[in-house]
Amino acid sequence: MLERYKKTTQKSAILWDRAVKVFSGGVNHNIRTFGLDRCGAYPPFIVSGDGSCIRDIDGNEFVDWWMTHYAQILGHNNPAVKKALKSQLENGVHFGGLNEPLVILGEKIQSAIPLLKKLRFCSTGSESTMYATRLARLFTKKKVVAKARGGWHGGNDAVGFHISYPYSDSPFYDGVSFDYNDKSSFDQMLDKHKNDLAAVIIEPVLGAGGGIAPETDFLPHIREQTEKHGILLIFDEIITGFRLCFGSAGAEVYGVKPDLMTLGKIAGGGMHLGVYGGREDVMELAKPGAEGGRWVGGGTFSSHPMAMVAGVAAIDELHKRKDNYSKLNQMGDTFRSRLNNLFNEKEFLGIATGTGSIIFVSMLKKMIEAPLTAQKIGEAIDHDLLDKFQSILMEEGVFGYHGLGAISFSHSESDLSKTFDAIEVAVKSLDT
Ligand SMILES: Cc1ncc(COP(=O)(O)O)c(C=O)c1O
């Protein structure tokens, strides 16, 4: 398997041999090995990217679906972002003090998402969910934070549990969770823990769990119940912020306002950024001198000028495209339907899930039906087949992890055709 891939990626093979000697598992983010190493190969080492295309060190080109963990909605190497970064670089990188771009970025984000009455910048999404949950605990003086099963909120202890099916508790990372899109599962959780809950954290669209959109009454139900019991609702919009519309998917697309919210990825224009913010009375606790000031709001690299200027340029560019989001979402919806039609036609046990421009393809042991939860997908998924599928796509020049990724404003119909052809090849070779 993958003989053609191995022949054309020999420089990557040499680098991989070196990488596995230095890094645990050869990588610095576990998702970045996806499939290939388990199929007797290795990931390509990437040197450059433009728009929807990335190139590896051997000169191979790929249609990129991963798009920097969904961050590059403008496409790689966007000219405005690049110009802003170059110009900041002339002045130095980071001074650990205040800078003008941080004010500008804060104002732009606040004006796009007015529910962020006060906000703070940090360097990663993981940090932002850590600080948001910490603030919720300080504010409510309660300890428990509940999350949806299958949700990934980053690598911090407050939210680092029940991520992958079968959601078993480890001695260190266990916690309270419920099934996404399942009101009765949420209610059962609430019944048991309502007196101890500081917050419920949830992505409006369940990202890592399959890009699943909320059933119409799911988020309003969570909002109503959390409000009723004095529990803070945190929307983790690190994927969905500026992805489904210009601003918050939770508030604008699904009409539900959380108490706190986190952002990252897209808002940093490809640089490292985390944002947390929301209600003024909660965010007050992050102030210097406030009780939470000791636990919230550190970070040597917070409001790093390079991230601030990239964020400003990206938000400006997205603002110009704000009326084009529906077209982008439509492109994703149509592509997902095409894939599901292909799987049905070929009687292939695959499913394309996702929302708008976010697309996951999963190989299944058995078919599943709506309403989709991460639990149902997790139970049915055939990981071995999915690894092979993903690896064949890579060989066919389509770069994705985790069952594909997301399209950007720079993806063209011909990128989608190339991807569709690659998926047809994969279906054919796996359908034995
Ligand atoms: C929804 C969500 N929350 C939090 C995070 C963590 O962000 P970061 O990787 O920047 O720490 C991620 C990253 O994939 C995410 O998708």
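Selection within the range 229-274: residues that are in a strand (DSSP E or B) and either among the aromatic types (F, W, Y) or out of contact with any Phe, Trp or Tyr (no Cβ under 6 Å at 6 or more places or on another chain) (or both). The member of this set that is farthest from the ligand (Cβ to nearest atom) is L232.
Annotation: K11 fulfils all but one of (1) under 19 Å from T419 (Cβ atoms); (2) over 21 Å from the mean Cα position of the chain (by Cα); the unmet one is (1). Residues in the range 8-46 that are of a type in the set (G, A, S) and assigned to a loop (DSSP other than H, G, I, E, B): G35, G40, A41. In the range 368-377 there is no residue that is of a type in the set (S, T, Y), within 23 Å of the chain's Cα centre (by Cα) and either outside the structural domain of T33 (by TED's automatic domain parsing) or modelled with pLDDT of 95 or more (or both).
Residues that are at pLDDT 95 or above and within 20 Å of V81 (Cα to Cα) are absent from the range 344-362. All of Y173, Y131, Y167, Y70 fail the test of being at pLDDT below 95, hydroxyl-bearing (S, T, Y) and closer than 18 Å to E203 by Cα, apart from Y167.
Looking across the range 53-82 at every residue that is surrounded by fewer than 21 Cβ atoms within 10 Å (Cβ to Cβ) and hydrophobic (A, V, I, L, M, F, W, C), the one that is farthest from F242 (Cα to Cα) is identified as I57. Exactly one residue out of K257, K265, K287 is farther than 30 Å from N91 by Cβ, among the basic types (K, R) and assigned by TED's automatic domain parsing to the domain that holds K118, and it is K257.
Filtering the range 63-119 to residues that are of a type in the set (S, T, Y) and closer than 30 Å to R32 by Cβ leaves T68, Y70. Of the numbered criteria (1) in the same structural domain as V425 (by TED's automatic domain parsing); (2) over 21 Å from the mean Cα position of the chain (by Cα); (3) in contact (Cβ under 8 Å) with a residue 12 or more places away in the chain, the one M331 fails is (2). Taken across the range 72-82, residues that are in contact with a Leu (Cβ under 9 Å, 6 or more places away or on another chain) and of a type in the set (G, A, S) do occur, with at least one present. Note on the range 279-318: residues that are within 22 Å of A71 (Cβ to Cβ) and surrounded by 15 or more Cβ atoms within 10 Å (Cβ to Cβ) amount to 19.
Of all residues in the range 133-159, those that are within 17 Å of the chain's Cα centre (by Cα) and buried (at least 20 other Cβ atoms within 10 Å of the Cβ) total 8. Which helices (runs of 4 or more DSSP H) does the range 47-150 wholly contain that include 1 or more residues that are without any contact (Cβ under 8 Å) to a residue 24 or more places away in the chain and either within 16 Å of the ligand (Cβ to nearest atom) or among the basic types (K, R) (or both)? Qualifying helices (runs of 4 or more DSSP H): 79-91. Identify the residue in the range 55-111 that is outside the structural domain of S391 (by TED's automatic domain parsing) and among the hydroxyl-bearing types (S, T, Y) and, among all such residues, is nearest to T262 (Cα to Cα). Restricting to residues being outside the structural domain of S391 (by TED's automatic domain parsing) and among the hydroxyl-bearing types (S, T, Y), the top hit is S111. Summed over the range 275-301, residues that are assigned to a loop (DSSP other than H, G, I, E, B), in contact with a helix residue (DSSP H, G or I) (Cβ under 8 Å, 6 or more places away or on another chain), more than 16 Å from the ligand (Cβ to nearest atom) and touching a residue at least 24 places away in the same chain (Cβ under 8 Å) total 3. Report whether or not V22 is at pLDDT 95 or above and over 20 Å from the mean Cα position of the chain (by Cα). So V22 passes the test. For T33, the conditions (1) surrounded by fewer than 16 Cβ atoms within 10 Å (Cβ to Cβ); (2) within 22 Å of the chain's Cα centre (by Cα) all hold with the exception of (1). Kindly indicate whether K108 is modelled with pLDDT of 95 or more, charged (D, E, K, R) and within 24 Å of the chain's Cα centre (by Cα). The answer is yes for K108. Can you tell which of F186, F178, F218 is out of contact with any strand residue (DSSP E or B) (no Cβ under 8 Å at 6 or more places or on another chain), at negative phi and away from the ligand (no atom under 16 Å from the Cβ)? Going through F186, F178, F218 in turn, the sole match is F218.
Hey, which of the helices (runs of 4 or more DSSP H) in the range 316-432, taking only ones fully inside, have at least 2 residues that are of a type in the set (K, R) and out of contact with any Pro (no Cβ under 8 Å at 6 or more places or on another chain)? Counting at least 2 such residues, we get 325-345, 413-430. Within the range 190-219, the residues that satisfy the criterion of being more than 19 Å from S357 (Cα to Cα) and acidic (D, E) are D191, D196, D217.
The values are calculated or read from the model by the stated rules, or taken from the named source; none is laboratory data. Because the structure is predicted, anything quoted here is derived from the model rather than measured. All Cβ positions, glycine included, derive from the backbone under ideal geometry; neighbour counts span all protein chains shown.
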